[in-house]
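The values are calculated or read from the model by the stated rules, or taken from the named source; none is laboratory data. On a predicted model such as this, the values are computed, not experimentally measured, just so you know. Backbone-built Cβ (ideal geometry, glycine too); neighbour counts: all protein chains shown.
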Amino acid sequence: MRIFRSIWRFIKRTILLLFVAQLVYLIALKWIHPPITITQIMSIVEGYGMEKTYVGLQQMSPNAKLAVIASEDQLFPDHNGFDWKSIQKALDYNQRKPGRIRGGSTISQQTAKNVFLWQGRSWIRKGLETYFTFMIEKIWGKKRILEVYLNVAETGKGVFGIEAAAQKYFNKPAERLSQREAAAIAAALPNPKNYTVKPPSPYVSARSKKIMQQMNFLRPDRDIQAIINDK
């Protein structure tokens, strides 16, 4: 019995240490950029390499910030990390058409997944994603979440972040992206390995036009302006 108690104490201490370590890391990322993510490591392993250049939110064009909100999560300023209506719609769709998968993840959820977890679908990962989403909403805030998302999101084969994408596809820094260029990058986000930005794949070409329409609609919104504004 003594050996089992020793093993149990070791397990509890290990779990506590891991919990404290991830909490310290999560808090630190409020101010520092993630050094590397699991998705970036896998990109290197798979032979795609890794191009990334971290920049601050003030070094990104308002068009870039607005484009990903218009494309990925139009309720980003208003929710607490989860868009329950979109999640339910995605669940209903996936039940009706099990051969196709529709996501309902917010920018906050995608950021939590990209920074702390791995790609793929499992209940374990979704549970951890829920935890990390809750924590970054409470600790980081909306502007920091958007900044990290725009720095770690995969934007092409081996390309990560809005700055690397802007340089690769349009030979300019992210702070100078036009509405059309930002929309094209945002359009590829659902599947950046298959949806090419330049030359634009048929999906990106069609999707980017819809994103620009939504950008024009959302631009006057005060809550969105409060997030994408540099001040």
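Looking at (1) surrounded by 13 or more Cβ atoms within 10 Å (Cβ to Cβ); (2) farther than 19 Å from ILE107 by Cβ; (3) modelled with pLDDT under 95, can you tell me which one ILE228 breaks?
If we test ILE228 against (1) surrounded by 13 or more Cβ atoms within 10 Å (Cβ to Cβ); (2) farther than 19 Å from ILE107 by Cβ; (3) modelled with pLDDT under 95, just (2) comes out false.
ALA153 versus (1) in contact with a strand residue (DSSP E or B) (Cβ under 8 Å, 6 or more places away or on another chain); (2) more than 25 Å from ILE27 (Cα to Cα): which is the lone unmet condition?
Evaluating ALA153 over (1) in contact with a strand residue (DSSP E or B) (Cβ under 8 Å, 6 or more places away or on another chain); (2) more than 25 Å from ILE27 (Cα to Cα) leaves (2) as the failure.
Does the stretch 10-21 contain at least one residue that is under 19 Å from GLN110 (Cα atoms) and not basic (Lys, Arg)?
So far as the stretch 10-21 goes, no, none of its residues is under 19 Å from GLN110 (Cα atoms) and not basic (Lys, Arg).
Only one of (1) at pLDDT 95 or above; (2) within 21 Å of the chain's Cα centre (by Cα); (3) part of a loop (DSSP other than H, G, I, E, B) fails for ASN191. Which number is that?
In the conditions (1) at pLDDT 95 or above; (2) within 21 Å of the chain's Cα centre (by Cα); (3) part of a loop (DSSP other than H, G, I, E, B), ASN191 misses (1) alone.
Answer with yes or no whether ALA184 is in contact with a Pro (Cβ under 7 Å, 6 or more places away or on another chain), within 16 Å of GLN59 (Cβ to Cβ) and assigned to a helix (DSSP H, G or I).
Here the answer is no, as ALA184 does not meet what is asked.
Looking only at the stretch 21-78, which residues are closer than 20 Å to ILE211 by Cβ and in a loop (DSSP other than H, G, I, E, B)?
Residues satisfying the conditions are MET60, SER61, ASP73, GLN74, LEU75, PHE76, PRO77, ASP78.
With LYS172, LYS168 as the choices, which residue is in contact with an Asp or Glu (Cβ under 7 Å, 6 or more places away or on another chain), of a type in the set (Lys, Arg) and over 22 Å from LEU75 (Cβ atoms)?
Result of the check over LYS172, LYS168: LYS168.
Among the residues of the stretch 82-117, count how many are in contact with a helix residue (DSSP H, G or I) (Cβ under 7 Å, 6 or more places away or on another chain) and modelled with pLDDT of 90 or more.
Selection size over the stretch 82-117: 11.
Within the stretch 119-175, restricting attention to residues that are surrounded by fewer than 20 Cβ atoms within 10 Å (Cβ to Cβ) and aromatic (Phe, Trp, Tyr), which residue is nearest to GLY47 (Cα to Cα)?
PHE170
Condition check: within 24 Å of LYS138 (Cβ to Cβ), of a type outside the set (Asp, Glu) and surrounded by 10 or more Cβ atoms within 10 Å (Cβ to Cβ). Does ILE44 satisfy that?
In short, no.
Okay, residues lined up against (1) touching a Cys at 6+ places or on another chain (Cβ under 6 Å); (2) loosely packed, with under 15 Cβ neighbours inside 10 Å; (3) modelled with pLDDT under 95; (4) polar (S, T, N, Q):
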{"residue": "ARG9", "(1), (2), (3), (4)": "no, yes, yes, no"}
{"residue": "TYR25", "(1), (2), (3), (4)": "no, yes, no, no"}
{"residue": "ALA28", "(1), (2), (3), (4)": "no, yes, no, no"}
{"residue": "THR37", "(1), (2), (3), (4)": "no, no, no, yes"}
{"residue": "GLN40", "(1), (2), (3), (4)": "no, no, no, yes"}
{"residue": "MET50", "(1), (2), (3), (4)": "no, no, no, no"}
{"residue": "SER61", "(1), (2), (3), (4)": "no, no, no, yes"}
{"residue": "ASN80", "(1), (2), (3), (4)": "no, yes, yes, yes"}
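Picking from SER205, SER178, SER201, which residue would you name as being surrounded by fewer than 19 Cβ atoms within 10 Å (Cβ to Cβ) and within 20 Å of TYR48 (Cβ to Cβ)? Walk me through how you get there before you give the answer.
Numbers: SER205 fails: within 20 Å of TYR48 (Cβ to Cβ); SER178 fails: within 20 Å of TYR48 (Cβ to Cβ).
Result of the check over SER205, SER178, SER201: SER201.
Using the structure shown, decide if VAL159 is of a type in the set (A, V, I, L, M, F, W, C), modelled with pLDDT of 95 or more, closer than 18 Å to PRO34 by Cβ and within 11 Å of the chain's Cα centre (by Cα).
No; evaluated as a whole, the condition is false for this residue.
For the stretch 142-181, how many residues meet the condition of being free of Cβ contacts under 8 Å to residues at least 40 places away in the same chain and either assigned to a loop (DSSP other than H, G, I, E, B) or under 25 Å from ASP223 (Cβ atoms) (or both)?
Within the stretch 142-181, residues that are free of Cβ contacts under 8 Å to residues at least 40 places away in the same chain and either assigned to a loop (DSSP other than H, G, I, E, B) or under 25 Å from ASP223 (Cβ atoms) (or both) number 4.
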